[in-house]
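As structure tokens, the structure follows; a few thoughts come after it.
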Amino acid sequence: MGGTIMGNSAADSVTNSYGQTHEIANLWIAGPGLFPTSGAPNPTYTIFALSLRGAEHLAGSWSAVAG
């Protein structure tokens, strides 16, 4: 966890809230690296939800990202 944290800008994070990197527009990351730290409960379902959210956003904006 914490290797590719999500945030609002490249100054303090690697990806946006969808897992799309700030520096490379067509590079997406899904997994526990988006979290800065681990909380007390198991994050498996949250990781799944964030991955699904990112995948849906990627699919919806595919023409802008791939083109």
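The values are calculated or read from the model by the stated rules, or taken from the named source; none is laboratory data. As the structure is a computational prediction, the values presented were derived from the model and not from experiment. Protein only, heavy atoms only, side chains kept; ligands, DNA and RNA dropped before computing areas. Shrake-Rupley method; radii C 1.70, N 1.55, O 1.52, S 1.80 Å.
If you take the residues in segment 33-67 that are hydroxyl-bearing (Ser, Thr, Tyr) and over 21 Å from Asn8 (Cα atoms), which one is most open to solvent (accessible area, probe 1.4 Å)?
Checked segment 33-67; the qualifying residue most open to solvent (accessible area, probe 1.4 Å) is Tyr45.
Can you name the residue in segment 10-67 that is in a loop (DSSP other than H, G, I, E, B) and β-branched (Val, Ile, Thr) and is also nearest to the chain's Cα centre (by Cα) among such residues?
Taking the candidates together, the pick is Ile29.
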